[in-house]
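K.L.:
Mind having a look at this structure? Questions to follow.
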Amino acid sequence: MRRKVGTVKALWRFPVKSMLGEQLDELHINSRGAVGDRAWALRDLENRRIASAKKFVGLLKFHAKYEGTPETGNLPPVKITLPDGHQVHADDADASDAISEALHHRFKLEHSPHPTGERAGIDPETIFADNPVATVIPALAGRAMPDYFGLHKDTFLDSATFHLIATGTLAHMRDLTEGNSDFDYRRFRANMLIDTGTDTDGWVEDEWVGGVLEIGAGVKVTSIQPALRCVMTTHAQQDLPRDLAILRTTVRRHQANLGAFTSIEGDGPVHLGDEVFLVK
């Protein structure tokens, strides 16, 4: 059964992990996800782990953008704007020092993840904001949570190749807080926002689990799974204030899941306005 479930409303790529990214009209996607997405990351020189705004919230005050269109195997320079407006390129010899000085912590910018896998550092006390770890991950009840998590193999991506979220889900969550929290899609740092219309009765992506989304010319979104959320969604960024109710509501009403982590089959561009079909 194949039916239309929405249209592509927004597309994002994040050249440097945990920094602000770039909103696009077209995004090239292949089996490794969005081409150029999270191609760079900061390594914490104290523990050798990959840095994330889950722990270093100041990263969300940096803005990274490609100076050209990334292609597989050929990424153009990345320009990084620091919080004070100063700009560096990711491959500048002094880029790591400039970022380290701004964050008051020693980092090194890297673009080649270790082939055996990377770990990103977290603070177990704050990873789920004010929600107890055992509430989010019952299997950890009575046990200490590690101060790291494994990244997707051979990448700097957190948990999956590609990440999407539906407008209907965000509207539903906004209704659950009676409009007191702004479930702006930017909080969730997804590659794709899908406009699913005016239905706000539930968590739209749940229906897609076990199915395949077909988008554009030859791109298939597969292995759709609920996306587990963390403190990142509560952080202030751009014009969005810090809001602990974002994650608190997600934990209490949907086991901390919002949106979907997925894999990709095929290779090609997707565009704003492309129709999205569910095959299930």
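The values are calculated or read from the model by the stated rules, or taken from the named source; none is laboratory data. As the structure is a prediction and not an experimental result, all values here were calculated from the model. In this analysis, Cβ positions are derived from the backbone assuming ideal geometry, glycine residues included, and neighbour counts consider all displayed protein chains. Note: areas computed on protein heavy atoms with side chains; ligands, DNA, RNA excluded. Shrake-Rupley method; radii C 1.70, N 1.55, O 1.52, S 1.80 Å.
K.L.:
Exactly one of these conditions fails for Thr72: (1) in contact with an Asp or Glu (Cβ under 9 Å, 6 or more places away or on another chain); (2) closer than 24 Å to Asp44 by Cβ; (3) touching a residue at least 12 places away in the same chain (Cβ under 8 Å); (4) surrounded by fewer than 13 Cβ atoms within 10 Å (Cβ to Cβ). Give me its number.
P.N.:
Failing condition for Thr72: (2).
K.L.:
Let me ask another. Across the range 246-280, what is the total count of residues that are assigned to a helix (DSSP H, G or I) and open to solvent by less than 40 Å² (accessible area, probe 1.4 Å)?
P.N.:
So the count comes out to 6.
K.L.:
Within the range 219-243, track down each residue that is open to solvent by 50 Å² or more (accessible area, probe 1.4 Å) and touching a strand residue (DSSP E or B) at 6+ places or on another chain (Cβ under 8 Å). So that I can check it myself, show each step before the final result.
P.N.:
Let us first name the residues in the range 219-243 that are open to solvent by 50 Å² or more (accessible area, probe 1.4 Å), namely 220, 223, 225-226, 228, 236, 238-239, 241-242.
Those that are open to solvent by 50 Å² or more (accessible area, probe 1.4 Å) and touching a strand residue (DSSP E or B) at 6+ places or on another chain (Cβ under 8 Å): Lys220, Ser223, Gln225, Pro226, Leu228, Gln238.
K.L.:
Every residue in the range 209-226 that is assigned to a strand (DSSP E or B) and without any contact (Cβ under 8 Å) to a residue 60 or more places away in the chain, please. Step through it out loud before you land on a result.
P.N.:
Taking the range 209-226 and keeping what is assigned to a strand (DSSP E or B), we get 212-215, 219-226.
Matches in the range 209-226: Lys220, Val221, Thr222, Ile224, Pro226.
K.L.:
Can you pull out every residue in the range 1-48 that is among the hydroxyl-bearing types (Ser, Thr, Tyr), open to solvent by 10 Å² or more (accessible area, probe 1.4 Å) and not in a strand (DSSP E or B)? Steps first, answer last, please.
P.N.:
Taking the range 1-48 as the starting set, the residues that turn out to be among the hydroxyl-bearing types (Ser, Thr, Tyr) are 7, 18, 31.
The next check asks that each one be open to solvent by 10 Å² or more (accessible area, probe 1.4 Å); those that pass are 7, 31.
The answer is Ser31, and nothing else.
K.L.:
Being farther than 14 Å from Ala144 by Cα and modelled with pLDDT of 95 or more is the filter; apply it to the range 114-127 and report the residue that is surrounded by the fewest Cβ atoms within 10 Å (Cβ to Cβ). Full working, then the answer.
P.N.:
So in the range 114-127, the residues farther than 14 Å from Ala144 by Cα come out as 114-121.
Among the residues that remain, those that are also modelled with pLDDT of 95 or more are: 118-121.
Working: Glu118: 22, Arg119: 16, Ala120: 20, Gly121: 20.
Within the range 114-127, the match that is surrounded by the fewest Cβ atoms within 10 Å (Cβ to Cβ) is Arg119.
K.L.:
Select, from Leu170, Leu109, the only residue that is open to solvent by less than 20 Å² (accessible area, probe 1.4 Å), assigned to a strand (DSSP E or B), at pLDDT 95 or above and aliphatic (A, V, I, L, M).
P.N.:
Leu109
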